[in-house]
1. Just to be sure I understand, how many residues within segment 40-64 are within 27 Å of E200 (Cβ to Cβ) and in contact (Cβ under 8 Å) with a residue 12 or more places away in the chain?
2. Quick check on segment 149-176: of everything there that is in contact with a Phe, Trp or Tyr (Cβ under 8 Å, 6 or more places away or on another chain) and of a type in the set (A, V, I, L, M), which residue is modelled with the lowest pLDDT?
3. Residues to consider are F195, F180; find the one that is surrounded by 11 or more Cβ atoms within 10 Å (Cβ to Cβ), modelled with pLDDT under 95 and either over 25 Å from V124 (Cα atoms) or aromatic (F, W, Y) (or both).
4. Please work out which residue is farthest from R227 (Cα to Cα), limiting yourself to segment 155-213 and to residues that are acidic (D, E) and touching a helix residue (DSSP H, G or I) at 6+ places or on another chain (Cβ under 8 Å).
5. Identify, please: which residue in segment 206-222 is hydrophobic (A, V, I, L, M, F, W, C) and without any contact (Cβ under 8 Å) to a residue 60 or more places away in the chain and is, among those, surrounded by the fewest Cβ atoms within 10 Å (Cβ to Cβ)?
6. If you check H146 against the conditions, is it surrounded by fewer than 18 Cβ atoms within 10 Å (Cβ to Cβ), at pLDDT 95 or above and either part of a helix (DSSP H, G or I) or under 19 Å from the mean Cα position of the chain (by Cα) (or both)?
7. Out of I68, I93, I102, which single residue is of a type in the set (A, V, I, L, M, F, W, C), farther than 11 Å from L41 by Cβ and not in a helix (DSSP H, G or I)?
Amino acid sequence: MTERSSDLIKDVLVDSELAKNIVPNKFKHTSKQGRARRQKLLMAAKKLSETRDIQDISLADVCEKAGIPRASAYHFFPNVESIFLALRFLSYIETFKALEKIEVHDFKRWEDYLAQVIRQSGQVFNNDVTKNKLMYGANAPEFQDHDYDERIDINMVGMIVGKLSDYYDMSSFEDIDDLFLIAYGIIHSIFALSFKQFDEITAEMCEETIKASVAYLRCYLPEHLPRR
């Protein structure tokens with residue numbers, strides 16, 4: 001996680017919907033010292049997860065790594081699962097921001113744009129082993145709100161479809177969001193298979209992901225969409 005994430009950590013854990021689920025009092029300990037301790041816990045958990053399975057990391061391990069007493073840690077997180085849920089949400093934010101920078105007008109076809117989104121996603125995950133473990137690892141933490149993952153997926157797909165719709169006239173295609181949501185599920189499934197087999201999103205599996213998702217969408221979309 002980069003240093004730039006410090007502000008994101010504050011926003012996510014104090015003001016976001018996620019905070020309502022994982023922090024006992026979302027307005028508690030918002031002082032500079034409190035935010036610093038919270039970030040130490042997050043960074044400690046992330047560091048530990050780089051060399052250990054997430055399910056083998058306890059709150060005591062994280063507190064020891066962060067140099068924060070366990071009694072103090074409870075002010076910020078009720079358990080170690082909450083820490084990893086926070087990291088998972090931060091991973092989503094960072095991935096979203098990375099993919100949001102990709103512009104449709106830089107590519108000749110919509111499928112070339114989608115291919116770059118997929119390749120960039122694979123690179124983002126491979127650059128941070130914790131991201132891969134939190135998203136695709138065995139026994140990765142799950143949100144108590146079972147709709148939360150779905151809302152995250154819808155938000156990501158909405159960004160992708162929105163960029164395409166701004167550049168191409170897609171008004172004649174019904175249920176375009178649903179089509180891309182299914183394609184997004186295909187992408188996730190192959191990424192998960194790649195991580196299960198190789199502990200990373202390999203270049204070969206990334207290309208297979210592109211083939212599968214584009215092939216599905218080409219059942220409904222032409223190779224060349226009309227420009228706006």
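1. Within segment 40-64, the first condition is being within 27 Å of E200 (Cβ to Cβ), and the residues that meet it are 41-58, 61-62.
Imposing the further condition that a residue be in contact (Cβ under 8 Å) with a residue 12 or more places away in the chain reduces the set to 41-50, 53-55, 57-58, 61-62.
Residues that pass the stated criteria total 17.
2. The selected residue is I152.
3. On the way: F180 fails: modelled with pLDDT under 95.
F195 is the lone residue from the list that is surrounded by 11 or more Cβ atoms within 10 Å (Cβ to Cβ), modelled with pLDDT under 95 and either over 25 Å from V124 (Cα atoms) or aromatic (F, W, Y) (or both).
4. Step one: filter segment 155-213 for residues acidic (D, E), giving 166, 169, 174-175, 177-178, 199-200, 204, 207-208.
From the residues that got through so far, the ones that are touching a helix residue (DSSP H, G or I) at 6+ places or on another chain (Cβ under 8 Å) too are 166, 177, 199-200, 208.
On the way: D166: 9, D177: 19, D199: 40, E200: 37, E208: 28 Å.
Checked segment 155-213; the qualifying residue farthest from R227 (Cα to Cα) is D199.
5. Out of the qualifying residues, it is C219.
6. Values: surrounded by fewer than 18 Cβ atoms within 10 Å (Cβ to Cβ): yes; at pLDDT 95 or above: no; either part of a helix (DSSP H, G or I) or under 19 Å from the mean Cα position of the chain (by Cα) (or both): yes.
No.
7. Numbers: I68 fails: farther than 11 Å from L41 by Cβ; I93 fails: not in a helix (DSSP H, G or I).
Just one listed residue meets the conditions, I102.
The values are calculated or read from the model by the stated rules, or taken from the named source; none is laboratory data. Everything quoted here is computed from the prediction, not taken from an experiment. A quick note on method: Cβ atoms are made from the backbone with ideal geometry, for glycine too, and the neighbour counts reach across all protein chains shown.
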